[in-house]
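Before any comments, here is the structure.
The values are calculated or read from the model by the stated rules, or taken from the named source; none is laboratory data. Note that the structure is predicted; figures quoted are calculated from it, not measured. Don't worry about glycine lacking a Cβ; one is built from the backbone with ideal geometry, like all the others, and counts go over all protein chains shown.
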Amino acid sequence: MFIYNLCKMGTMFIEHICFNLALAIIVTLLIDQKHAGWCTAVIVVSGCLPDIDGIFSLIQCPPTFTNGIIPCMAFHFRYFHSIGILLLYAVVVGGLLAYYQRLDFRNMALFAGIGFGAHLLEDVLVYNPASAVFWPVSSQEVGIGFFPSYSRDFFSIANGEVFGIGILLLLLTVGASIHLKRTGWTALPINIKPLPPAPFSAIVKIVVVFRSFVSSR
């Protein structure tokens, strides 16, 4: 349960970045450009976060550089590849950014959820099985597996087909953002300076908003 053997196939890294950056640009086309930089950063970073559960695998079995510059893990514990963790992660990220950066909790939680969820979807589309995506409702591992023979055949860093699709989508979205003159996604929050923590009233507001969000489901 929650374990997927990746020793023969390898796991996606570069591809996730391409797909999530393309997705982030699409989202920024639909929102106020003043939020576009944070939107891009949160979605792309969140799109890579699920694989942090690979740390548990690396502790038990160090990676081997069998081919290329990206190490191969013998197996991958996928504890974080589920909707349950997605919801928890989105709330935590939204709360932290609202508390320390005075950003809108709902927007940041939404962006975090989009990025994290995109990672799960990408894995499901590529692998079969992928992971127990619907945990805690179900522990059944699911996957569609459009690329059942996935391997890092592109300079040993990515799968040629998956990476090619990601690059194509990225080029299309970048072109669309330039054409529509909505390039706020390039304003990434690089020099982040922690602001004074939000006042207690703001924390109460975050809790109220979250409770109303949950009760509306």
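The figures follow:
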quantity: Subset of region 23-51 [surrounded by fewer than 23 Cβ atoms within 10 Å (Cβ to Cβ) and small (Gly, Ala, Ser)]; calculated: 37, 41
quantity: Total residues in region 131-148, condition among the small types (Gly, Ala, Ser) and closer than 18 Å to residue 17 by Cβ; calculated: 0
quantity: Filter result (in a helix (DSSP H, G or I) and either acidic (Asp, Glu) or more than 25 Å from residue 34 (Cα to Cα) (or both)) within region 88-118; calculated: 88
quantity: Residue within region 134-144 that is touching an Asp or Glu at 6+ places or on another chain (Cβ under 9 Å) and not in a loop (DSSP other than H, G, I, E, B) present; calculated: no
quantity: Set 118, 98, 132: member being buried (at least 19 other Cβ atoms within 10 Å of the Cβ) and modelled with pLDDT of 95 or more; calculated: 118
quantity: Test: residue in region 127-140 that is touching a residue at least 40 places away in the same chain (Cβ under 8 Å) and under 20 Å from residue 25 (Cα atoms); calculated: no
quantity: Residues of region 148-173 that turn out to be surrounded by fewer than 16 Cβ atoms within 10 Å (Cβ to Cβ) and in contact with a strand residue (DSSP E or B) (Cβ under 9 Å, 6 or more places away or on another chain), as a count; calculated: 2
quantity: Those residues of region 149-163 which are over 12 Å from residue 19 (Cβ atoms) and part of a helix (DSSP H, G or I), in sequence order; calculated: 160, 161
quantity: Matching residues in region 111-142 - criterion: being touching a helix residue (DSSP H, G or I) at 6+ places or on another chain (Cβ under 9 Å) and of a type in the set (Gly, Ala, Ser); calculated: 112, 113, 115, 117, 118, 130, 131
quantity: Where a residue in region 29-43 is within 16 Å of residue 113 (Cα to Cα) and its partner, wherever it lies, is in a loop (DSSP other than H, G, I, E, B), with Cβ under 6 Å and at least six apart; calculated: 38/189; 41/188; 41/189
